[in-house]
1. With every protein chain kept in place and ligands, DNA and RNA left out, what is the accessible area per residue of the chain? Probe 1.4 Å, answer in Å².
2. Over the range 11-91, what is the relative contact order in whole percent, taking alpha-carbon pairs under 8 Å and six or more residues apart?
3. With +1 on each Lys and Arg Cβ and -1 on each Asp and Glu Cβ, how big is the dipole of the chain about its Cα centre, in debye rounded to the nearest 20?
4. Helix-only estimate, please: 222 nm mean residue ellipticity of the chain, summing -39500 (n - 2.57) across DSSP H runs of length 4 or more and dividing by its residues, to the nearest 500.
5. Calculate the dipole size of the range 1-45 relative to its Cα centre from +1 charges on Lys and Arg beta carbons and -1 charges on Asp and Glu beta carbons; express the result in debye to the nearest 20.
6. Explain nothing, just compute: Karplus ³J(HN,Hα) = 6.51 cos²θ - 1.76 cosθ + 1.60, θ = phi - 60°, for every residue of the range 30-46 in order, whole Hz, x for Gly and Pro.
7. Counting only residues 5 or more places away or on other chains, whose amide H sits under 5 Å from the amide H of Thr51 once H atoms are built in the peptide plane?
8. Amide H to amide H under 5 Å from Leu121: which residues, 5+ apart in sequence or cross-chain, H placed 1.01 Å off N in plane?
Amino acid sequence: MPRKELERLQAVDRFLKLEISRGNELQDIVNFAAEICQVPIAMITLIDSDTQHIKYRVGTDLVRTTRADAFCNYTILQEEILVVPDTAKDERFMDHPYRKGAANIQFYAGANLTTVDGINLG
């Protein structure tokens, strides 16, 4: 496992164990993101070695997915915002179960949740 990924997983583990006192504010951010972007689903997630933990959400009842199924898995691999205007035309997502299934995700935009020392958590 690359050193950078090990550091990232350690940081995710620390954040997953935190007692978050600003839960209402974080949920408000998710609600505002969905409203501003005019999308039915928005979430704040943390990604560990094999799971995407959906900490705050609107438009879905999911609380976790596999990392392999997480669109956010691609977001954490880069520094800039990831925007996929049409998932049917993107090789990473064209056969994805969340694009073809009941979720029917046709558009995706993701921005990193990054620590002060530059580690992408989700």
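1. Result: 65 Å² of accessible area for each residue.
2. 19
3. 180
4. Rounded to the nearest 500, the figure is -9000 deg cm²/dmol.
5. 280
6. Going residue by residue, I get 5, 4, 5, 4, 5, 5, 5, 7, 6, 10, x, 10, 8, 7, 10, 10, 10 Hz, with x marking Gly and Pro.
7. Arg67
8. Leu113, Thr114, Thr115
The values are calculated or read from the model by the stated rules, or taken from the named source; none is laboratory data. The model shown is predicted, which means the values in this text are computed figures rather than measured ones. Cβ coordinates were reconstructed from backbone atoms using ideal geometry, including for glycine residues, and neighbour counts include every protein chain displayed. Side chains are part of the model used for accessible areas, which takes the heavy atoms of the whole protein and leaves out ligands, DNA and RNA. Shrake-Rupley method; radii C 1.70, N 1.55, O 1.52, S 1.80 Å.
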